[in-house]
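Participant: Next up is a structure, given as structure tokens.
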Amino acid sequence: MTTSSTPATGGDRRETGLSAELAGTPATSPATTATIGGTGGTVSTGAAWLERYSGSLLDVFGTPQRVLVRGSGSRVWDADGAEYLDLLGGIAVNVLGHAHPLLTSVVASQQATLGHISNFFTSPTQVALAERLLALAGAPAGSRVFFANSGTEAVEAALKLARRAGNSADPVRPTVVALEQGFHGRTIGALSLTHKAAYREPFAPLPGGVTHIPAGDLDALRAAITEETAALVLEPIQGEAGVLPLPPGYLREARRLTREAGALLILDEVQTGVGRTGRWFAFQHEPDLMPDAVTLAKGLGGGFPIGALITFGSAVSDLLGPGQHGSTFGGNPVATAAGLATLHVIESDDLLGNADRVGRHLREGLARTPGVTAVRGEGLLIGFDLDADPADGLAPAAVLAALDAGFIVNAPGPRTIRLAPALLLTTEEADGFLAALPGILDAARAATAGTSAAPSAGTARPEPAQE
Ligand SMILES: Cc1ncc(COP(=O)(O)O)c(C=O)c1O
């Protein structure tokens, strides 16, 4: 038996270079200006990082609003030492906040034990997370899980499931129905379900066979679901569209119509799942409703990339067989360990109850705030509208004013703000935002009116939501 070891000097050299890069100082360039709050490392300022960003990253997101270097719970710090209350949670991802100790230690110890295997193999964490998801979803015998790495990949798997359902019907069912304003991801298949023209048109031709109908319109739904329909795909609450819930009874009617027509009901819970709305899944707000398939991602790994498709019952699960789908990374031991840790903390710390309570508190406070005209959402997925003409761009200006005031929020529309914080957000933290909001809105109004009280735009430009 032979052993090998890295010479101390070589190892040291590599570690020095790596730790410098991780701390923000490239080994080859002179150390620059500011110090990261809390780490003691010598690093570049936010502006210096942004300059390097613009020289190295593809410009698909616009200029980042800040350069973030550290987080703890619902707080994050930027490269210039400023602190923020993170009310966006990496867009509904960081359900346990930042640097959660249990999630961190589970990910580290799983990586130190078994990091990646191929799908020629399985691992205990993969099986355990699949079983856990099926139990939480109340899925019947024969239900199954496919693991991916992101929301769009979970939707790709769901779309392939829908095509299998359509192609194995006699006669073939060529159509998938989706909703206007729906957002389902950016890969080409998922993009065929996403509705927004600005996301779709530059990439035409997209795969066909998708019909979009007005969201929430029961007559349109009744007319659209026919014997030609392979599946109906929808978000229980449309997140990207501005946290738009479906009208009461819509989901139930969608279930009835799809069942009667022999079509699948596929719910995209990438944003609404994993406790975000105060239930494990948003569909569980409807008593006894069972979909045919559900997509998950965002919150599932608490920030570690993972997506999932759950198929309900054996008839649906059997639609995808060996060789018909796959993913190199999907379901790897570290991602699934992160999923198990995340679900464990949500349950043991009653984060569903917390999301429900703090979400209600936030919505009540928002509804009392002058200048807020509508408040929507469930749990800690919240959208609120501002009293403004859409052309004013008040919401993007409010995002910048909020940053200046130490809060991270997002504007999915020109007069709509979205909150999707950690499910462990406290009432006190929520109150801090509610207290600051009138001043934030004043600053945003001043900015859009072009007066001197404008928030310093920093380096950010008011961008549409970047899901
Ligand atoms: C409902 C929904 N589906 C799919 C996606 C795509 O997820 P991802 O960005 O992880 O690919 C998103 C992202 O925001 C989403 O909100």
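Participant: Take ALA447 and decide whether it is at pLDDT 95 or above, within 28 Å of the chain's Cα centre (by Cα) and crowded, with 21+ Cβ neighbours inside 10 Å.
Facilitator: no
Participant: Could you give me the residue pairs with C-beta distances under 6 Å whose first residue belongs to region 175-194 and is closer than 14 Å to ALA241 by Cα, whose second residue is among the small types (Gly, Ala, Ser) and in a helix (DSSP H, G or I) wherever it lies, and which are 6+ apart or on separate chains?
Facilitator: As it stands, the answer is HIS184/ALA190; GLY185/GLY151, since those pairs meet every condition given.
Participant: I would also like to ask the following. Run ALA261 past the list (1) within 13 Å of the ligand (Cβ to nearest atom); (2) surrounded by fewer than 24 Cβ atoms within 10 Å (Cβ to Cβ) and report the number of the one that doesn't hold.
Facilitator: That leaves (1) as the condition not met.
Participant: Is it the case, given these coordinates, that GLY275 is buried (at least 20 other Cβ atoms within 10 Å of the Cβ), in contact with a helix residue (DSSP H, G or I) (Cβ under 9 Å, 6 or more places away or on another chain) and in a loop (DSSP other than H, G, I, E, B)?
Facilitator: So GLY275 fits the description; yes.
Participant: Taking region 138-151 on its own, how many of its residues are within 19 Å of the chain's Cα centre (by Cα) and outside any strand (DSSP E or B)?
Facilitator: Final tally of qualifying residues: 3.
Participant: Do you know which residues across region 147-156 are away from the ligand (no atom under 12 Å from the Cβ) and touching an Asp or Glu at 6+ places or on another chain (Cβ under 9 Å)?
Facilitator: none
Participant: Let me ask you something else. When the residues of region 336-359 are narrowed to those that are over 24 Å from GLY377 (Cα atoms) and touching a helix residue (DSSP H, G or I) at 6+ places or on another chain (Cβ under 6 Å), which ends up surrounded by the fewest Cβ atoms within 10 Å (Cβ to Cβ)?
Facilitator: So the residue we want is LEU340.
Participant: Of all residues in region 279-289, how many are assigned to a loop (DSSP other than H, G, I, E, B), surrounded by fewer than 24 Cβ atoms within 10 Å (Cβ to Cβ) and either in contact (Cβ under 8 Å) with a residue 12 or more places away in the chain or among the small types (Gly, Ala, Ser) (or both)?
Facilitator: Count: 4.
Participant: Looking at region 410-428, which of the residues that are surrounded by 24 or more Cβ atoms within 10 Å (Cβ to Cβ) and closer than 24 Å to GLY301 by Cα is nearest to the chain's Cα centre (by Cα)?
Facilitator: It comes out as ALA420.
Participant: Hey, can you tell me all the residues within region 117-127 that are touching a helix residue (DSSP H, G or I) at 6+ places or on another chain (Cβ under 9 Å) and either in a helix (DSSP H, G or I) or exposed (fewer than 13 other Cβ atoms within 10 Å of the Cβ) (or both)?
Facilitator: PRO124, THR125, GLN126, VAL127
Participant: Identify the single condition in (1) in a helix (DSSP H, G or I); (2) free of Cβ contacts under 8 Å to residues at least 24 places away in the same chain; (3) within 12 Å of the ligand (Cβ to nearest atom) that LEU159 does not satisfy, given that it satisfies every other one.
Facilitator: All conditions pass for LEU159, except number (2).
Participant: Follow-up. Residue under question is VAL316, and the condition is that it be over 16 Å from LEU136 (Cβ atoms), in contact with a Phe, Trp or Tyr (Cβ under 8 Å, 6 or more places away or on another chain) and buried (at least 21 other Cβ atoms within 10 Å of the Cβ); does it hold?
Facilitator: no
The values are calculated or read from the model by the stated rules, or taken from the named source; none is laboratory data. Keep in mind it's a predicted model, so treat the numbers as computed, not measured. In this analysis, Cβ positions are derived from the backbone assuming ideal geometry, glycine residues included, and neighbour counts consider all displayed protein chains.
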